[in-house]
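Here the structure is laid out as structure tokens; the discussion comes afterwards.
The values are calculated or read from the model by the stated rules, or taken from the named source; none is laboratory data. Keep in mind the model is a prediction, meaning the values are calculated, not measured. Here the Cβ is made from the backbone with ideal geometry for all residues, glycine too, and neighbour counts use every protein chain on show.
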Amino acid sequence: MNKTDVLIIGGGAVGVCAAYYLRDAGYEVTLVDRGEIGSGASHGNMGLVVPSHSVPLASPGVVSQGLKWMFKPDSPFYIKPRLDPSLIRWLWAFLKASSEDRMRRAIPLIRDMSLASLALFEELSGLDGVDFDYHQRGVVAVYRTREGLDEGEEERHLLTSYGLEIDALAPDGLAEALPGLELSALGGLHFRQDAHLTPGKFVRSLADYSARAGVTVQPGVEVTGFTRENGRIAVTHTTRGDIAAGEVVLTAGSWSAALGDLAGVSLPIQPAKGYSVTLRRPAGWPETPFMLSESRVAVTPMGDMLRIGGTLELAGMDQTINQRRVAAILNAVPRYLPDFDVGSYEILETWCGLRPCTPDGLPFLGRVPDVRNLVVAAGHAMIGVSLGPVTGKLVLGIIAGERADSDLELGIDLELLAVDRFAA
Ligand SMILES: Cc1cc2nc3c(=O)[nH]c(=O)nc-3n(C[C@H](O)[C@H](O)[C@H](O)COP(=O)(O)OP(=O)(O)OC[C@H]3O[C@@H](n4cnc5c(N)ncnc54)[C@H](O)[C@@H]3O)c2cc1C
């Protein structure tokens, strides 16, 4: 049987960051993934590091907007109608979490975690041999309707009241922020603190760095079960043999719910599918990412690539690509950029991924009361790349038994992230 201090299950942004910080602190770490490292949601996502996304998915506005969109297959949000008890329980918990009060408790926490991650990304991008096209140029939200602009203005008002730095842009300001693009828009916002990166490169280059630093990185190893003894995981079973670990960290994104069941822990996480299309980057394209706001589509330059993506579809653990929804994303672009003809660019990849969503839009992060050596770090929804580094560092704090946030000076209330918060 293989032995290790810490076994990390899942090599996405969260698992790789946890591996890096634990190894850096001297732990013996094994990181396993059933596929390649970074083959889950962390591969083809939009690569945005976004303090501007500090409003959790569960918020009062989302419920009314979601109801309008819910069953329309080419809208930005879709629920595949089905009688799945776990989905119904999740939706009920989501509705309860979508209150003004709970949203306002969540915003400062997400903001502080995102801002802490920004500083950590700066450090990580300076590591030897680690390169992930990291830039902090902000993200621009583009609005083409009066209704959209009003919504944006409300969001600006809310987020600036929490100290975030956001400029309102008139059309000429937009043109300046996104030089070289012919926009059809009424105005926009510039979320100045946001940053962007190439997520697949981030995960893989940090995993490679960690392997060089001594982490045992094992792709192609699937966890199939656990043997529990005396309130601890004594053995983790995998397709490549058993592992005895002092601590087990579950960072398997949307797959964490099923793995939680195997460990006897309930983790209400619904996978929310999203899509992206990656093109060869057109000549002269600006370096700042932007959102086609009314359509909920993001456009991110990533080195010599350009990625366009969006939609949120609650359709279970289903990774098939629905071309109708891909077309809906691409069709949004010429509404904002009338000259843009997607057919004239080389498509490098069409991808879908599963965002791991908890009912209140906050991740699960912490120890599990009934399984003493299990730490869960999963459920980061739309911001798992953004929160990857800070989550990894907090996992280290939890395992080291320190006040988790002491050296981050975040004053983070980890209670809000408690793994058993939906147990009642
Ligand atoms: C279209 C789209 C756009 C997005 N844009 C952004 C963005 O701009 N910014 C942002 O911050 N976030 C974004 N996200 C969200 C982000 O992708 C996720 O929150 C994040 O990738 C989750 O990371 P993770 O490490 O928790 O999970 P994942 O990356 O999904 O990793 C989980 C890993 O666990 C492995 N695994 C599963 N089961 C097992 C098992 N039994 N044994 C071993 N390994 C297992 C999987 O193979 C996988 O590699 C986007 C998501 C989508 C879909």
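Considering each residue of segment 63-86 in turn, at least one proves to be surrounded by fewer than 23 Cβ atoms within 10 Å (Cβ to Cβ) and among the β-branched types (Val, Ile, Thr). Just one of (1) within 27 Å of Glu294 (Cα to Cα); (2) outside the structural domain of Ala332 (by TED's automatic domain parsing); (3) not in a helix (DSSP H, G or I) fails for Leu127. It is (1).
Closer than 25 Å to Asp101 by Cα, within 11 Å of the ligand (Cβ to nearest atom), surrounded by fewer than 23 Cβ atoms within 10 Å (Cβ to Cβ) and not hydroxyl-bearing (Ser, Thr, Tyr): does that describe His53? Don't jump to the end; show me each part of the working.
Working: closer than 25 Å to Asp101 by Cα: yes; within 11 Å of the ligand (Cβ to nearest atom): yes; surrounded by fewer than 23 Cβ atoms within 10 Å (Cβ to Cβ): yes; not hydroxyl-bearing (Ser, Thr, Tyr): yes.
Spelling it out, His53 is indeed closer than 25 Å to Asp101 by Cα, within 11 Å of the ligand (Cβ to nearest atom), surrounded by fewer than 23 Cβ atoms within 10 Å (Cβ to Cβ) and not hydroxyl-bearing (Ser, Thr, Tyr).
Select, from Gly148, Gly173, the only residue that is closer than 28 Å to Pro60 by Cβ and either away from the ligand (no atom under 16 Å from the Cβ) or part of a helix (DSSP H, G or I) (or both). Explain how you work it out, then say what you get.
Details: Gly173 fails: closer than 28 Å to Pro60 by Cβ.
Just a single option satisfies the conditions, and that option is Gly148.
Note on segment 178-233: among residues that are of a type in the set (S, T, N, Q) and under 30 Å from Ile110 (Cβ atoms), the one that is surrounded by the most Cβ atoms within 10 Å (Cβ to Cβ) is Ser210.
Listed here are the residues, each with its yes/no results for (1) more than 14 Å from the ligand (Cβ to nearest atom); (2) within 16 Å of Val390 (Cα to Cα); (3) under 17 Å from the mean Cα position of the chain (by Cα).
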| site | (1), (2), (3) |
| --- | --- |
| Thr4 | yes, no, no |
| Gly12 | no, yes, yes |
| Val16 | no, yes, yes |
| Ala19 | no, yes, no |
| Asp24 | yes, yes, no |
| Glu28 | yes, no, no |
| Ser42 | no, yes, yes |
| Asn45 | no, no, yes |
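So which residues in segment 291-305 are in a strand (DSSP E or B), away from the ligand (no atom under 12 Å from the Cβ) and out of contact with any Ser or Thr (no Cβ under 7 Å at 6 or more places or on another chain), if there are any at all? Give the steps one after another, and end with the answer.
Initial filter on segment 291-305 (in a strand (DSSP E or B)): 291-292, 297-302, 305.
Subset that is away from the ligand (no atom under 12 Å from the Cβ): 292, 301, 305.
Leu292, Pro301, listed by residue number.
Residue under question is Gly180, and the condition is that it be on the phi > 0 side of the Ramachandran plot and either more than 26 Å from the chain's Cα centre (by Cα) or within 16 Å of the ligand (Cβ to nearest atom) (or both); does it hold? Taking the combined requirement at face value, the residue satisfies it. Among the residues of segment 20-38, is there at least one that is more than 22 Å from Ile243 (Cα to Cα), modelled with pLDDT of 95 or more and small (Gly, Ala, Ser)? The answer is no; no qualifying residue exists.
Return the only residue of Gly214, Gly225 being within 27 Å of the chain's Cα centre (by Cα), within 14 Å of the ligand (Cβ to nearest atom) and not in a helix (DSSP H, G or I). Working first, answer last.
On the way: Gly214 fails: within 14 Å of the ligand (Cβ to nearest atom).
Just a single option satisfies the conditions, and that option is Gly225.
One residue alone among Met103, Met70 is of a type outside the set (Lys, Arg), within 19 Å of the chain's Cα centre (by Cα) and either under 17 Å from Pro359 (Cβ atoms) or in the same structural domain as Tyr336 (by TED's automatic domain parsing) (or both), and that residue is Met103. Does Asp341 fit the bill of being surrounded by fewer than 23 Cβ atoms within 10 Å (Cβ to Cβ) and without any contact (Cβ under 8 Å) to a residue 40 or more places away in the chain? Yes: the conditions hold for Asp341.
Residues that are in contact (Cβ under 8 Å) with a residue 60 or more places away in the chain: which helices (runs of 4 or more DSSP H) entirely in segment 1-114 hold 3 or more of them?
Details: elements: 13-24, 60-69, 85-97.
Answer list for segment 1-114: 13-24, 85-97.
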